[in-house]
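Chemist: Quick one: structure below, then a few questions.
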């Protein structure tokens, strides 16, 4: 035991405390759907009592009571701010979260384990929006997401087309020459294969890019680095050894921001309202439909969109095209397509941001 | 010279041209300029902009410094590499920086366009082998006690690993003279041309270590037929953390560049006369 290793332990513990604090404040935000106001005096007394009962070691009762009052005050203050909540899949620091923050810097981002949980949370009203990747320039369509999109009642409120720039991250003070292994999601490892080989590293498959970054921050394994976003580096206090390490410069992911149709309607400003209103007109539409299994059915529907250049795939067909649902020509095309196709649904008309 | 299988003169007389970020070393004239060491982002970026304006074609700057004393400034390491990367993005100048540790070769290669192997490491054979595998052009400085044959044999190590892009650089050798830091051996330039196909640059900053000698030796290097120069330039030489006495100010460097252009025109005229 020496000072250096003890301080490393303390850094590890601090990283965990900060992650847990965030998680606790998030759970507080999620409770708002289930109660009328932020303050619940009975619940606070219950928490303080339980904390007091456990304060038998160095963290004594006076200290823990004051600390928990402070935490609960902060939790109430955050709940009172009326933040919009955006659900994303993965751990904090995921590319989806970076896209969510770019789409709405003021919103609070909520992590979920699976894509389906993101959709469910939006449907249930636990969060206001959900952000999911729909396609990647290298990996193609995100199958899991697209299979849910076919049947979901949710609407597309916006889209973000984001450049994916992978960074090699290590705990502060790590000597880059000592690096031996690199942890990340299999897809990120594959996208940085040549970089990994050039520098004599060994790729280790991890469930998530951000999860790998968090593990490096919390466990600090010797000679190990992670591949994740710049945002993950900032979040977990990691040092960027090198950014932009992906082999292909054309690595982009397109995300959909989903919302409940009723919520979307609340926010949609009437047509013809002044510029700068809360919900300006979109300029891109996404729709999904089923084509009957007979010759020419698919073509008949697609023909409707002949003026709108696009690419088609018991096929549910997704179609994206440039145009606003407030434009007469688009409205007519949607009506005609609706009559020709089976279960034609406009997923949304939105503004797409390119990052 | 025997055993120079890869670095010796080719039967057809073809000379190697090393391509780096649109610059062709071995064709025309290359001037690599920049500070001895990367000291800060501000110092490097300001120097980079100034040398580019004066006409430099590449930027140098040490991130890992092999210093005579272990207590002298050792360089900024990885942080220095990131600053060099930023300077490249801002000026478009390709980056030349020294590598001194075999474990650093791949990492320096991630940031730099050309890896420099310094005089003190010229015969560090494991470093040469690693440099040969790096896939980056190598600027190989002449060791201060090395003969031409020893030097070319070191280049042979790099070529033998499959890396054809080696640029030689004369930086002065040790003699009994103490007025200058080293004795700049300009006779090596035509000697390299006669024995090898590799491009050769001259570093008058280390070659003399005396500010007032940099200009005459630069012009003499042009006259000797060098393919380029490597010159130390600092935005504020009196404040430099290393090699204070031999770094030019940007103004002095700009004056020198104008004279080099005149000298090159004169050399072109002489070559024209030879052809007639």
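No lab work stands behind these numbers, since they all come straight from the coordinates. Keep in mind it's a predicted model, so treat the numbers as computed, not measured. Don't worry about glycine lacking a Cβ; one is built from the backbone with ideal geometry, like all the others, and counts go over all protein chains shown.
Chemist: Which one of B:183, B:266, B:16 has the biggest mean-square fluctuation once chain B is modelled by GNM with Cα springs under 10 Å?
Modeler: B:266
Chemist: Using the 10 angstrom Cβ neighbour count as an exposure proxy, how do A:317, B:83 rank, fewest first?
Modeler: In order of increasing Cβ crowding within 10 Å: A:317, B:83.
Chemist: Using a ≥ b ≥ c from the Cα gyration tensor of the stretch B:1-120 (square roots of the eigenvalues), is it rounded, prolate or oblate, where a/c under 1.5 gives rounded and otherwise the larger of a/b and b/c decides, a/b for prolate?
Modeler: Cα axes put the stretch B:1-120 in the oblate bin.
Chemist: So how far apart, in nm, are the two label points at residue A:331 and residue A:22 if each is 7 Å from Cα heading toward Cβ?
Modeler: 4.5 nm
Chemist: Going highest first, how would you order A:323-330, B:35-42, A:216-223 by mean Cβ packing within 10 Å? Working shown, then result.
Modeler: Numbers: A:323-330: 15.2, B:35-42: 20.9, A:216-223: 17.4.
Peptide ranking by packing, descending: B:35-42, A:216-223, A:323-330.
Chemist: What does the structure give for A:199-209 when I average, per residue, the other chain Cβ atoms found within 10 Å of the residue Cβ? List each step's numbers first, then the result.
Modeler: Details: counts 5, 2, 1, 0, 0, 0, 0, 0, 0, 0, 0.
The mean count of partner-chain Cβ atoms within 10 Å per residue comes to 1.
Chemist: I would also like to ask the following. Restricting to DSSP H runs of at least four residues, report the calculated mean residue ellipticity at 222 nm for chain A, -39500 (n - 2.57) per run over all residues, nearest 500 deg cm²/dmol.
Modeler: -12500 deg cm²/dmol
Chemist: Once R0 is set to 60 Å, what does the formula 1/(1 + (r/R0)^6) return for the Cβ-Cβ distance between residue B:45 and residue A:263, expressed as a FRET efficiency to the nearest 0.05? It would help to have the intermediate numbers written out before the result.
Modeler: Numbers: r = 48 Å, r/R0 = 0.80.
Efficiency, rounded to the nearest 0.05: 0.80.
Chemist: Could you check what % of the DSSP bridge pairs in chain A are antiparallel, to the nearest 5? Kindly include the intermediate steps, with their values, before the conclusion.
Modeler: Values: 36 of 54 bridges.
Of those bridges, close to 65 percent are antiparallel.
Chemist: For the pair residue A:243/residue B:19, report the inter-label distance in nm, with labels modelled 7 Å from Cα in the Cβ direction.
Modeler: According to this spin-label approximation, the distance is 3.0 nm.
Chemist: Cut-off is 10 Å between beta-carbons; in what order do A:349, B:154, A:57 appear when sorted fewest neighbours first?
Modeler: Ascending Cβ contact count within 10 Å gives the list A:57, A:349, B:154.
Chemist: Rounded to the nearest 0.05, what FRET efficiency do residue B:150 and residue B:244 have when you use their Cβ-Cβ distance and R0 = 35 Å? Could you put the intermediate results ahead of the total?
Modeler: On the way: r = 31 Å, r/R0 = 0.88.
My answer for the efficiency is 0.70.
Chemist: Further question: Roughly what % of DSSP beta bridges within chain B run antiparallel, to the nearest 5?
Modeler: Just about 15 percent of them are antiparallel.
Chemist: What ranking of A:166, B:197, A:34 emerges when the number of other C-beta atoms within 10 Å of each C-beta is taken as an exposure proxy, fewest first?
Modeler: Ranked by crowding around the Cβ, least crowded first: A:34, B:197, A:166.
Chemist: What is chain A by shape, rounded, prolate or oblate, if you read a ≥ b ≥ c off the alpha carbon gyration tensor as root eigenvalues and call it rounded for a/c under 1.5, prolate for a/b larger than b/c, and oblate otherwise?
Modeler: The shape class here is oblate.
Chemist: Could you work out, residue by residue across B:106-112, how many beta carbons of other chains sit within 10 Å of that residue's beta carbon, and then give the average as an integer?
Modeler: Whole-number average of other-chain Cβ neighbours for B:106-112 is 4.
Chemist: I've got another one for you. Run the simple label-point estimate for residue A:161 and residue B:71 please: 7 Å along Cα→C-beta, distance reported in nm.
Modeler: Placing both labels 7 Å beyond Cα along the Cβ direction yields 6.1 nm.
Chemist: Okay, next question. Averaged across the residues of A:238-246, what count of C-beta atoms belonging to other chains lies within 10 Å of each residue's C-beta?
Modeler: Counting Cβ atoms of other protein chains within 10 Å of each residue's Cβ and averaging gives 2.
Chemist: What percent do you get for the relative contact order of chain B when only Cα pairs under 8 Å and 6+ apart count?
Modeler: Computed value for chain B: 20 percent relative contact order.
Chemist: I would also like to ask the following. Normalised by the number of residues in the stretch B:120-200, what is the relative contact order in percent for Cα pairs under 8 Å and 6+ residues apart?
Modeler: Averaging sequence separation for qualifying contacts and normalising by length gives 28 percent for the stretch B:120-200.
Chemist: With a ≥ b ≥ c the root eigenvalues of the C-alpha gyration tensor of chain B, is it rounded (a/c under 1.5), prolate (a/b larger than b/c) or oblate?
Modeler: Because its axes are fairly even, with a/c under 1.5, chain B counts as rounded.
Chemist: Determine the percent antiparallel among the DSSP beta bridges restricted to the stretch A:167-243, to the nearest 5.
Modeler: 50 percent
Chemist: From zero up to wherever the largest Cα-Cα distance of the protein assembly as shown sits, split into 10 Å bins and tell me the percent of pairs in each.
Modeler: 3, 13, 18, 17, 15, 14, 11, 7, 2, 0, 0
Chemist: If you take the alpha carbon radius of gyration of the stretch A:3-80 and divide it by 2.2 N^0.38 Å, what ratio comes out, to two decimals?
Modeler: In units of the 2.2 N^0.38 Å rule of thumb, it is 1.30.
Chemist: Taking 8 Å as the Cα distance limit and 6 or more residues as the minimum spacing, I'd like the relative contact order of the stretch A:3-80 as a percentage.
Modeler: The value is 39 percent.
Chemist: Which of these, B:221, B:33, B:72, has the largest mean-square fluctuation under a Gaussian network model of chain B (Cα springs below 10 Å)?
Modeler: Answer for the Gaussian network model of chain B: B:72.
Chemist: Here is a follow-up. So which residue, out of B:180, B:68, B:208, gets the largest mean-square fluctuation from a GNM of chain B using Cα contacts under 10 Å as springs?
Modeler: Looking only at B:180, B:68, B:208, the largest GNM fluctuation is found for B:68.
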